Structures are given as structure tokens and as C-alpha cells.
């Protein structure tokens with residue numbers, strides 16, 4: 001069986017490109033995979049697999065291909081407003097944007113969309129995308145859906161997606177000996193990796209860290225990742241008197257990132273609002289067996305309680321982050337051990353690749369199998385004088401014989 | 001207790017699984033239970049037909065019979081364990097191996113077509129559903145339990161079953177190697193025949209099956225084919241042989257070694273034989289060698305010429321086999 005594989009790949013700098021770079025070799029050990037490329041002819045295949053994320057530059061061409069041929073969609077995040085705006089308004093197709101808004105919210109959606117097009121409303125994908133996910137356009141074309149979390153699966157179902165759905169965990173990177181970076185220090189050293197913006201709760205983290213540092217003056221915070229356009233990290237650090245206690249690094253190569261993570265005593269990965277995404281940084285942190293602090297939302301909330309410290313997003317958030325940093329720094333070893341064991345068990349790359357193959361095989365041939373079985377059931381039923389074969393079809397479905 | 005033993009049946013075929021199901025019914029009755037064997041003919045090909053068979057079992061209502069409740073269903077194999085019952089226990093001899101470890105080997109049945117691949121996945125999905133419904137899953141060997149865990153994420157307790165009841169006895173070895181198997185390719189009787197030809201070893205092959213004609217051609221008169229034999233004759237052959245050869249590819253469980261052990265005889269098996277390796281231990285209860293005719297010839301020759309070792313290892317095997325009893329099995333299955 002042959003799979004056409006649509007995804008951004010390195011050197012594209014995105015979590016999904018990293019994800020595919022990890023997954024592809026494992027998939028190729030199990031199944032024939034042809035990687036599709038933007039601007040080239042779609043590969044011949046039994047089934048197409050589309051990795052969809054929210055970045056229109058990285059995923060626009062993939063949604064175009066999905067439009068031409070339905071297939072299995074890997075929904076890496078549920079909120080796709082930025083993507084949809086990019087492939088409609090960004091291409092001069094305001095009408096497409098209005099249709100997407102109307103599909104999601106009916107006439108009020110169309111009116112909101114008109115407000116955006118006429119510059120009467122702020123850009124919704126920047127201000128409140130989580131309220132208008134716009135994933136329906138993609139779900140409508142999905143012949144099967146792979147999600148990483150119950151959160152996204154439930155939201156897709158609530159949005160009316162009725163097709164096959166598989167929950168496949170984010171794969172973990174095969175562990176190798178990682179030498180902790182020797183040029184970063186702190187007592188303790190706290191690390192936060194990834195794009196720095198409001199969604200990552202960086203303001204709340206900085207505030208909590210400032211309080212934490214008042215009782216632990218040796219503590220340092222390592223912030224690794226590019227900052228968002230309208231997010232001035234340096235000014236915030238100055239205001240909180242943190243210029244000494246925080247070290248900033250922009251994009252770092254993969255190996256350097258691993259060694260920096262390994263040097264940290266505690267890792268933090270906060271999120272709100274969530275777009276339904278998983279986090280490669282979280283998987284890396286868990287693999288390394290580092291105590292990890294996350295927000296109690298979306299996929300992050302689904303991580304076991306004995307594996308991460310979860311911070312509710314409420315009025316006590318900053319205080320709880322501060323307390324969690326202390327707990328993780330002083331008593332985090334069992335948490336780290338549980339984290340490493342959990343990732344090895346649940347996010348094992350081979351297990352994930354097997355789950356992908358199972359999903360793809362069912363997506364490619366499942367309908368034909370169901371039809372063949374139901375046809376024979378109907379034939380036998382008719383010969384036995386049973387007119388209403390729909391009852392038997394239901395029985396076959398209830399019995400797990402057809403999917 | 002009213003107990004149904006649910007097992008599929010391939011018409012005109014008789015092997016270890018059928019013996020085990022019959023013996024289980026007998027063991028239950030001996031212990032005062034009402035027991036009945038319920039079976040449906042099994043045809044697993046072509047293509048999606050295997051799912052029809054599973055559906056038949058799903059439709060069977062075994063919750064009661066003639067107005068009286070059935071207290072427990074013990075199902076042994078795919079697709080019999082697809083039957084629905086609130087007190088179902090699965091005692092898994094093996095799954096539908098074409099969908100698992102046989103897939104993409106000479107023993108598999110599913111091609112690379114999308115329909116075949118999806119059929120294979122449907123079998124796996126059914127296994128997860130059907131075995132997930134069971135109040136308890138037992139596996140007849142560690143090998144079977146490992147496959148359930150590896151392929152389906154299902155945990156099973158290991159519960160080996162006793163071999164068929166024969167008038168087992170011990171006698172002086174007469175220098176021949178015995179093979180007792182259904183004659184199909186997976187049992188690898190051809191390796192023993194090659195070994196016999198290399199060393200001029202006396203070999204008696206008991207059993208029948210689709211590979212018999214090929215094997216007889218291969219032996220070309222160098223090996224005795226006894227066909228199917230009765231209980232007394234089989235016990236006699238076990239008693240008089242020097243060793244049993246038993247080396248299927250990754251066998252689930254394998255009653256052969258237990259039968260040989262109860263006759264005080266060691267076993268020659270191979271490093272890839274699967275279930276038998278749980279009781280055949282090298283130079284303790286037999287010889288474990290690489291799956292090649294030369295290695296098998298060497299091992300068989302050793303056991304026919306080193307009678308003291310053969311006797312000692314056979315007795316050590318008997319101690320293992322005698323610990324596996326129907327009392328223990330019935331207690332576990334009905335608990």
C-alpha cells in the first residue's frame with residue numbers, strides 16, 4: 001500500500017516539520033511513502049495523509065491538495081483561523097473567508113467576517129482565534145482524522161465531524177546520551193523553550209519567576225526561542241528587574257536545544273488559550289526526565305498527574321507557578337522519572353508509527369471491507385426472508401465487525 | 001455451573017486445539033459441571049470472509065439455553081472468542097496469526113492491497129473488542145501472552161493446559177526419533193527428514209496433513225510415515241522412542257513436549273520454536289539448536305547415543321509436565 005505524504009519538512013522551521021522528520025523514517029519501515037512537494041504533481045497513492053497546522057505559509061499548499069483529493073488529515077491543532085485567513089484573504093479571496101466564517105457561525109459569522117474585511121473589526125486570527133477556530137473547511141474534506149489529544153478529537157466531533165477518528169500520541173525522539181550544556185547555570189536553572197508570546201504565558205512566568213527569585217536569588221531563567229512581533233521581552237525583563245536573572249537565546253539548532261534542556265533543573269511550558277496543539281518541547285522535556293510545569297488546559301491537561309505539575313489558568317496562576325517552580329526544583333526527581341517512563345511507554349516512536357499504519361490501512365481499504373461484509377450479510381438476510389437488512393447492518397456495526 | 005466451551009472447528013481437521021477443547025469439556029464434566037462444546041465451522045478465506053465468521057460468533061446468543069442460564073463461556077480461539085457473554089473467559093490458544101506475526105511472511109494471507117490491509121486491521125480491532133469484553137484473558141503460553149501484549153496491548157495470565165490423555169508409560173529407548181504433528185509447512189518436519197537423510201537416523205513421523213505428499217517425496221523412503229495413529233499406538237511410540245523432534249516456527253504452545261515428557265523422553269527443538277522453549281531447556285529437558293538440518297541431525301544423534309543423558313532430561317521434563325493439571329486449569333477458568 002502506498003501513502004502520499006503531505007507535510008512541511010526541514011529545513012522549514014516548524015514543530016510539524018520536526019515531527020515529520022521524526023515520523024517519516026519509522027513509517028517508511030512499515031509502509032510505502034511518497035513525499036508530496038509543493039508545486040509538483042500529486043503522487044499516485046492508495047491514500048493521502050495531510051499534516052495540517054495553523055501556518056498558511058507552511059500548510060496552505062497542503063490544504064489546496066486536500067481540496068483536490070480528500071484524505072486522512074492529521075490535525076496538529078484545532079484552531080486554524082490563521083491558516084484559513086492566509087489561504088483566503090491572503091490570496092485576495094475575501095469571499096472564501098466569509099464562507100468559512102459562515103460555515104462556522106452562520107450569518108453572524110459572515111457579518112463578523114465582513115467587519116474584518118472592511119477593517120471595522122480587529123483581525124480575529126490575531127485577537128481571538130480560539131473563539132473562531134475555522135477548522136470546518138478542513139474537517140469537511142477529511143476522509144479520516146488523526147488527532148493527538150482527546151481535546152481535539154472531542155472538539156472535532158462537536159463541530160460535526162462524523163468520520164473515522166484515531167488518537168495517535170505525539171512520537172518521542174529516540175533517546176541518546178545528551179551532554180548538559182556547560183555554559184548555562186542557575187540554582188536552580190529554569191528553562192522555557194519555544195516561541196515566546198502571550199499564549200505561552202510568558203508575562204505570568206516572568207512575574208512568577210521574579211517572585212521566586214526573591215527567595216532563591218541563585219535561580220536563573222533560560223528563555224530559548226524567538227519572540228513574537230509585538231512582544232517586547234527585554235522591556236518586561238527590565239520592568240521586573242530580571243535582566244540579571246534571565247538569559248535569552250533565539251533559535252538554536254536541535255542538538256544545542258537538547259543539551260540546553262538537559263542542563264535545566266526544571267522546565268516550564270505554559271499555554272493559554274490553547275489552539276488544541278501538542279508540544280514537541282514538552283515531549284522532549286518528558287523524555288529527558290526533567291520535572292515539568294504546564295498549564296492545565298487542552299492536551300497538556302491530559303498528561304498524567306504524576307508526570308507533570310499542572311497550573312490552572314485562573315486568578316492564582318502566578319502564585320501557583322511560583323509554588324510549582326519550588327516544588328519541581330526541590331522535589332522533582334520522582335516526577336522526572338515518571339515522565340521518562342511515561343514517554344517511553346505511551347509516546348514510543350514505533351508504537352506511534354504502528355498506529356499511523358493501522359489508521360492509514362483502515363482509511364484506504366476500510367470502506368471496501370465494510371461494503372463486502374455488509375453485502376454478504378444483506379444477501380444472506382434476503383435469502384432468509386429478512387427484509388429489513390438495516391437492522392443486521394446495525395448489528396454488524398454494534399458487534400464491531402464493520403467500522 | 002453450566003459452562004459452554006466455545007471453539008471453532010475446521011471440518012475434517014483434527015489437531016491439538018480440538019483435543020484441548022474436548023478434554024476441557026471432559027474435565028469440566030468430571031468435576032461435576034454441566035459442560036458443552038459449541039462450535040461453528042471456520043473458513044477464513046478468501047479476503048474478508050474471516051470477518052463473516054467473526055460476525056456469526058457475535059450473533060450467537062449463549063446467555064441461556066432452553067430457558068436456563070449459561071453461567072460461563074470459555075472461548076479458546078479466534079473467532080470463537082468474539083462470542084458475547086457477560087461471563088466470558090478467553091483461554092487463548094492463539095489469535096488469527098495471519099493478521100499478526102504471520103503477516104508479510106510465507107504463512108500470511110493478506111496482500112498489500114488496501115482491502116487486505118484493512119481486513120487485517122479489522123481482525124485486530126475485533127480482537128481488542130472481543131478480548132476486552134472478557135472478564136479474564138488466559139494464554140496457554142508466555143509466547144501467546146507476549147503476542148497479545150505486543151499486538152493488542154492485552155494482558156493475559158499464563159495458563160498452560162495438560163496434553164491429551166494417553167496411556168503414557170516409559171520404556172527403554174529403541175534408537176528412533178519421533179515426530180508427532182499435523183503435517184503442514186509450519187511444523188517443519190522437512191528439517192527432520194533432511195537430518196535423517198544426512199545421518200541415516202531412524203525416524204517415525206506420526207500425523208497427516210496437507211504437506212504429507214511433499215514430505216513423503218522428500219523422504220523418498222528414508223523415514224517411516226505412520227499417519228494418524230490411535231491412543232495406544234501413540235503412547236507406545238512415545239514410550240519406545242529415544243527423543244521427540246518438535247520444532248514448528250514460533251509455535252503457540254505445543255502439546256508434543258508435554259506428551260514426550262510424560263513418557264520420560266527428551267525433546268529436540270529449535271531456537272525459534274516459540275512456546276516449546278518455555279519447557280524444553282537446553283541440556284535440562286532436551287536439546288535446543290539452530291533451525292538447520294545439520295544441527296538437528298547432531299542433536300538427534302546425541303540423544304540416540306547418550307542414553308543416560310536422554311533419560312535424565314526426559315525425567316526432568318516429566319516433573320514439569322506433571323505440574324500441569326486439569327484441576328488447576330478448571331479452578332482458574334471458573335474462579
For the protein assembly as shown, what is the largest minus smallest coordinate of the Cα atoms on each principal axis, given in angstrom and ordered from greatest to least?
96, 68, 54
How much length is gained on full extension from residue B:49 to residue B:71, taking 0.36 nm per residue of separation minus their Cα-Cα distance?
4.9 nm
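Would you tell me the mean number of C-beta atoms belonging to other protein chains that fall within 10 Å of each C-beta in B:47-55, as a whole number?
If you average over the peptide's residues, the count of other-chain Cβ atoms is 6.
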Mind ranking B:97-103, A:50-56 by how tightly packed they are, going by the mean number of other C-beta atoms within 10 angstrom, highest first?
A:50-56, B:97-103
So how long is each side of segment B:17-121 along the principal axes, counting just the alpha-carbon atoms, biggest first, in Å?
50, 26, 20
For segment A:1-71 and segment B:302-324, write down the distance between their C-alpha centroids in whole Å.
59 Å
Work out how much length residue A:345 to residue A:382 would gain on full extension: take 0.36 nm times their residue separation and subtract the Cα-Cα distance, in nm to one decimal.
8.5 nm
Normalised by the number of residues in segment B:183-319, what is the relative contact order in percent for Cα pairs under 8 Å and 6+ residues apart?
24 percent
Share of Cα-Cα pairs in segment B:177-322 beyond 27 Å, in percent?
9 percent
Let me know the mean shielding of A:373-384 by other chains, meaning the per-residue number of their Cβ atoms within 10 Å of its Cβ.
2
Considering all projection directions equally, how large on average is the shadow of the alpha-carbon convex hull of segment A:2-167, in square nanometres?
9.7 nm²
Average partner coverage of A:354-362, which counts Cβ from other chains inside 10 Å:
4
Could you sort the peptides B:320-330, B:84-94, A:379-389, B:252-262 by per-residue average Cβ neighbour count (10 Å cutoff), highest mean leading?
B:252-262, B:84-94, B:320-330, A:379-389
For segment A:210-274 and segment B:128-207, distance of Cα centres in Å
61 Å
How would A:49, A:267 line up from fewest to most surrounding beta-carbon atoms within 10 angstrom?
A:49, A:267
Rounded to the nearest 0.05, what FRET efficiency is calculated for residue A:40 and residue B:112 with R0 set to 25 Å and r the Cβ-Cβ distance?
0.50
Can you tell me the orientation of helix A:254-263 relative to chain A, as the angle in degrees between its alpha-carbon axis and the longest Cα principal axis, to the nearest 10?
50 degrees
Quick check on chain A: of the DSSP beta bridges with both residues there, what percent are antiparallel, nearest 5%?
0 percent
Using 0.36 nm per residue, how much length does the chain from residue A:95 to residue A:13 gain when fully extended, once their Cα-Cα distance is taken away?
26.4 nm
Give the peptides B:107-115, B:271-279 in descending order of average Cβ contacts within 10 Å, highest first.
B:271-279, B:107-115
Rounded to 10°, Cα long-axis angle of helix B:231-240 versus longest principal axis of chain B:
40 degrees
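Given the -39500 (n - 2.57) contribution per DSSP H run of 4+ residues, what per-residue ellipticity at 222 nm results for chain A, rounded to the nearest 500 deg cm²/dmol?
Taken over chain A, the calculation gives -14500 deg cm²/dmol.
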Relative contact order for chain A: what is it in percent, counting Cα pairs under 8 Å that are at least 6 residues apart?
15 percent
Averaged over all viewing directions, the convex hull of the alpha carbons in segment A:317-387 casts a projected area in nm² of 10.0 nm²
Return the inverse of the average 1/r over all pairs of distinct C-alpha atoms in chain B, which is the Kirkwood hydrodynamic radius, in Å to one decimal.
20.6 Å
Rg(Cα)/(2.2 N^0.38 Å) for chain A, N = residue count
1.09
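Throughout, read-outs are computed from the coordinates displayed, never taken from laboratory work. In this text the structure is predicted, and so the values were computed from the model without any measurement. Cβ coordinates were reconstructed from backbone atoms using ideal geometry, including for glycine residues, and neighbour counts include every protein chain displayed.
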